[in-house]
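No value in this document is a laboratory result; all are computed from the given coordinates. The structure displayed is predicted, hence computed values, not measured ones. Positions of Cβ are generated from backbone atoms using ideal geometry, with glycine treated the same way; all protein chains shown enter the neighbour counts.
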Amino acid sequence: MNSPNGGPAPIKPNQPAQAAKPRLAVFKFASCDGCQLALLDAEDELLALAGQVEIAYFVEASRRTLAGPYDVSLVEGAITTPEEAERIQEVRRQSRYLIAIGACATAGGIQALRNWHDIDDFIQAVYAHPAYIDTLATATPISDHVQVDFELRGCPINKYQLLAVLTALLVGRQPSVPTYSVCVECKRRGTTCITVAQGVPCLGPVTQAGCGAICPAYRRGCYGCYGPTEAPNMDALGQRFLAMGAAPAEIVRLFRTFNGYADAFRLAGDKLEEMDRTSVQRRG
Amino acid sequence: MADITPKIGAYISIAKTSLQAVFDNLKAAGFTLIGPTLGDSAIECAEITQTTDLPIGWTQVQEAGTYRLQRRSDQAYFGYAVGPHSWKRYLYPPTLKLYTVDHQNGGFTVTPATPATPQYAFIGVRPCDMHAIAIQDRVFLHNGFQETDYKARRQRAFILAVNCTEPGSTCFCASMGTGPQIETGFDLALTEIPEIFLLEIGSELGREMLTGVDWWHAGAFELQTARQALTAARSHMGRQLDISALPNLLYQNLEHPRWDQVANRCLSCANCTQVCPTCFCSDVKDVSDLQNQQAERVRVWDSCFNLDFSHVHGGNIRPTNRARYRQWLTHKLASWVDQFGTLGCVGCGRCITWCPASIDLTEEISAIREEGTR
Ligand code: SF4
Ligand code: SF4
Ligand code: SF4
Ligand code: SF4
């Protein structure tokens, strides 16, 4: 799948027209369902998709569930409970291609904010009967547990990107999604940069494109929904925000949102927090 | 006076309010007017119809990585420098569908996209941007092949240029020999002086667009006021760039430590290349439908700061920020000369203002010049 020399083997069985269609499954782990909705939201294309694949398992869309194995499994959500940690192993066993979709599945999602805190404190604070809660201390991406063939980023994912990935798999070529920054989309769109013109901290320069740079068009700094770019210069961006007058804690919060547990964002946030701590100590 | 139209090359004066009549003539001739207008937080380029759409009474302050709108104390129509947009958006759009391919009887057919070519009148093209258009002409029209969509848009475009009497603080056109005064290539060139617009007629079409407009031959005093304003502008450039010894200065300093320093600050976000009015890089993207029966090919702006841009068989030839920043700067100020016989920079200052990391190419060049090999 990640061979630099060519695409994956097509998932469409290379047989006469009557041959079985490739089987698609959609699984949910700890998530908000928004990424599955992106698939349901692809109304026009959904029929075409149903013509190309057999939707064998997609409980959000259909009560009919067929047992594996599956040619392609789309996996939404993070791994947050012992049950999920086991279930993802079974999904992997049943799947020829496993595609992690969305910030939860690719980086742990917003629930990975727990990773910086003591899970027991949350359980005590939130649940009337903490004893019933069986959870892991962390929320982690699918790739921490099983081999993932492709990661489609986004919070939520972009339905056109999802269709492009499925189309690529159907014909057997490498899925192509842009890896450049949100700034590139922002400029194509013609938005005036809000960092430059309004002093708003924006994660666009270090975030992978995919959303079409929606937030800056509505005067919001990018929240990093599509995760870090391939080689983000987090330190430089952090320094720039500091120079613009942002408080370190504010920048740490910006780095720690939907993709806060993605390596680059996590390390940058931790580093900044550490720097802030030591400088506060020195001052104190 | 209005019944006799002025000759090409003539300098005339009009009352500021008469500019609306020029706009009306352009609209009547079928042009879509694109010009500066007040956006949310900057003077942007967009479709305009009336002179009141212009940012009258507004200006801006620009610094590396910073842009802020400001009120003027007067009601100047053109009292600001270039903003985030350039005319490149309109001549060489960021996204353009090229053609559709259909699978048919074992073969395929290609259907080129044939959009109606827009007929733009660009209002307020600054001298630096006039030169940028001339540079893109070299790239797209006079370089052994022709970019047909660019050519069609370019040929239909009307240019009302505006001389710069108030350069911005990131401008350095005087260093590049591209401003603050326009010499050629326009249909009409305007200089704003108190109370009136001085116009130079650059073409037959420019002359026609003055039909019915009240004008008089520019007087000696008006001409002198304009000349003085432009001379003053020349010495009010916010930035300077010593272009002596370019391109060799860069070729001889490819291993200069300054590249590492700037790479530490650079975000590889590509903003500089997207706002630059001369950068021309693009990519083509294919999108096919699920049945694999139809595909579309779309051209999109690309950049040497995008990692995929330098991905070739076997790996990436510019895997670091250092390599990418060096590519950008050496292309603009060195190898562009080998390719197109001109520097690739016109001193508009956009890449300085709109760099979220506040990187300033004039600083980078002077650092290399001061500490480098010559
Ligand atoms: S607003 Fe954000 S995404 Fe847009 S160009 Fe500026 S930094 Fe980049
Ligand atoms: S390199 Fe910068 S200053 Fe020069 S033309 Fe491009 S954007 Fe303008
Ligand atoms: S500087 Fe980069 S983006 Fe601009 S024309 Fe050169 S290679 Fe292309
Ligand atoms: S020089 Fe500035 S605008 Fe250009 S890629 Fe680097 S950080 Fe972005």
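The sum of -39500 (n - 2.57) across all DSSP H runs of n ≥ 4, divided by the residue count of chain A, sets its helix-only mean residue ellipticity at 222 nm to -11500 deg cm²/dmol. Ranked by how many other Cβ atoms sit within 10 Å of their own Cβ, fewest first, the residues A:Glu185, A:Glu83, B:Glu363 fall in the order A:Glu83, B:Glu363, A:Glu185. Each 10 Å bin from zero holds the following percent of Cα-Cα pairs in the protein assembly as shown: 3, 14, 22, 22, 18, 12, 7, 2, 1, 0.
Divided by 2.2 N^0.38 Å, where N counts the residues, the Cα radius of gyration of chain A comes to 1.09. For A:Asp149, neighbours were defined as the other residues whose beta-carbon sits under 11 Å from its Cβ, and their charges (Lys and Arg +1, Asp and Glu -1) total +1.
Short-range pairs are left out: with C-alpha atoms under 8 Å and at least six residues apart, the relative contact order of the range A:182-283 is 22 percent.
Using Cα pairs closer than 8 Å and at least 6 residues apart in sequence, work out the relative contact order for chain A, in percent.
Over chain A, the number comes to 17 percent.
Counting charges near B:Gln146 (Lys, Arg +1; Asp, Glu -1) among other residues having Cβ under 12 Å from its Cβ returns a value of 0. Among the chymotrypsin sites (Phe, Trp or Tyr not before Pro) found in the range B:81-172, those both in a DSSP coil and sparsely packed, with 16 or fewer other Cβ atoms within 10 Å of their Cβ, are B:Phe145. Calculated mean residue ellipticity, 222 nm, chain B: -7500 deg cm²/dmol, from DSSP H runs (n ≥ 4) at -39500 (n - 2.57) each, averaged per residue and rounded to 500. By other beta-carbon atoms within 10 Å, ranking B:Lys88, A:Lys21 with the fewest at the front produces A:Lys21, B:Lys88. Rg over Rh for the range A:23-171 works out to 1.00, both radii taken from alpha-carbon positions and Rh defined as the Kirkwood radius. Applying the criteria of a DSSP loop state and at most 10 other Cβ atoms within 10 Å to the trypsin sites (Lys or Arg not before Pro) of the range B:1-34 yields B:Lys7. Taking all Cα pairs closer than 8 Å and separated by 6 or more residues, the relative contact order of chain B comes to 23 percent. Applying a DSSP loop filter and a limit of 14 other Cβ atoms within 10 Å to the trypsin sites (Lys or Arg not before Pro) in the range A:204-284 leaves A:Arg219, A:Arg220. For a straight C-alpha distance cut-off of 17 angstrom, the lysines reachable from A:Lys21 (same-chain residues fewer than eight places away being disregarded) are A:Lys12. Listed from fewest to most Cβ neighbours within 10 Å, the set A:Ser73, A:Ser143 follows the order A:Ser143, A:Ser73.
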